[in-house]
Amino acid sequence: MTTFYEVVNQSQPQPRFQYIPLGTPDQTVDHGEDVIQGLSQVPKTLPCRYFYDDQGSLLFEQICTLPEYYPTRTERRILTTAAAEIAEFTGGCELVELGSGSSSKTRLLLDAYSQLAAPLHYCPIDVSGGMLKTSALELLDQYPQLHICGRVGTYEQALVNLSGDSLGEPTRVISDPDLPRLLIFLGSTIGNLDAVTLQKFLLQVQQALRPGDYFLLGVDLQKSIEILEPAYNDAQGITAAFNLNCLRHLNWRFNGNFDLSQFAHWAFYNTAANQIEMHLRSLVSQTVTLQTLNFRGALAAAETIQTEISRKFDLPTLKTELQAYQLQPLHSWTDPQHWFALLLCQRSISA
């Protein structure tokens, strides 16, 4: 079994595994301004990035196996049949994945790209350094020709890092300047972005790709409330634990006093906005503090903190929006029930 120490200390010219925190030490210090802003407004919100400490990442992996949670297994089934075709479309690529998690679905792509007579390079990006290292070491054992450059940070940090210099030339993860990039964003994580944030994200994706590079996107499609709501209210309570872990993470990171027993998980489908909304409802009137942030705030009984949205997309509308950012849809794959879709785009030459 390969160990982390052995990989990063190899004497070969190109180590098989590099592990890089994104940004400088000053840039990676988390001052919590987004927490203060979210908890000070009405209605209250928290950024969903606070779900993902190591414990939150493990809980999300459990969610992905739940019988009610259709997105992961549906996307996996699509990717099982589409991976070889995706590899044929792109040829050999530098694979860069935003929010890689355990990289479980990415193995299907690595299997397909392993069949090509081209170098195999993968850059997983995730906020959980522990999960990133664990999954990377498993991949290195499974794929002897694979080189990994893991980067620890948010996808926002990653896109800034990948976008390159002021001249607009994206930064390459590997040294081969001729190998195109495939930027991967699976799991319909794009659904967590509201309309304004989505526009910013797509612009950053455009800037992280050269003309001819590729973007592979997983999107959850619009469907009935009878399918959607159980996916976020599972019978085992794993999603509730995942939601509440956001407060535990804040307690640890910012020396807070959130009492998790005084909050309840609440998720529902907003039919007007075509999105799941996930909240934490205060069960009592209470005052919460985050000492590191010098923050003190009051919550009324039944008041909620919105922790996540998960938008559900109309595929033709999304394709049109992607084209506005020089992301030309090449092909899409979906399941027989049209619950989920994979969309492969290519960065076109700017007008």
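Table for the structure above
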| read-out | value |
| --- | --- |
| Residue match in the stretch 43-59 (condition: more than 20 Å from the chain's Cα centre (by Cα), over 19 Å from ASN192 (Cα atoms) and of a type outside the set (A, V, I, L, M)) | no |
| Of all residues in the stretch 100-128 being small (Gly, Ala, Ser) and modelled with pLDDT of 85 or more, the one that is farthest from TYR214 (Cα to Cα) | SER104 |
| Index of the failed condition, LEU95 passing every other in (1) part of a loop (DSSP other than H, G, I, E, B); (2) not charged (D, E, K, R); (3) not assigned by TED's automatic domain parsing to the domain that holds ARG253 | (1) |
| Residues of the stretch 293-322 satisfying the condition of being out of contact with any strand residue (DSSP E or B) (no Cβ under 7 Å at 6 or more places or on another chain) and closer than 25 Å to ASN274 by Cβ | ASP314, PRO316, THR317, THR320, GLU321 |
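For (1) touching a residue at least 24 places away in the same chain (Cβ under 8 Å); (2) closer than 26 Å to PHE201 by Cα, each residue gets a yes or a no:
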site: ILE63; (1), (2): yes, yes
site: ARG73; (1), (2): no, yes
site: THR81; (1), (2): yes, no
site: LYS105; (1), (2): yes, yes
site: LEU110; (1), (2): yes, yes
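Results for (1) surrounded by 18 or more Cβ atoms within 10 Å (Cβ to Cβ); (2) in contact (Cβ under 8 Å) with a residue 60 or more places away in the chain; (3) more than 25 Å from ALA84 (Cβ to Cβ); (4) assigned by TED's automatic domain parsing to the domain that holds SER332, shown as yes or no for each residue.
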| residue | (1), (2), (3), (4) |
| --- | --- |
| LEU120 | yes, no, no, yes |
| LEU132 | yes, yes, yes, yes |
| SER135 | yes, no, no, yes |
| GLU156 | no, no, yes, yes |
| PRO177 | no, no, yes, yes |
| ILE184 | yes, yes, no, yes |
| GLY218 | yes, yes, no, yes |
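The values are calculated or read from the model by the stated rules, or taken from the named source; none is laboratory data. As the structure is a computational prediction, the values presented were derived from the model and not from experiment. A quick note on method: Cβ atoms are made from the backbone with ideal geometry, for glycine too, and the neighbour counts reach across all protein chains shown.
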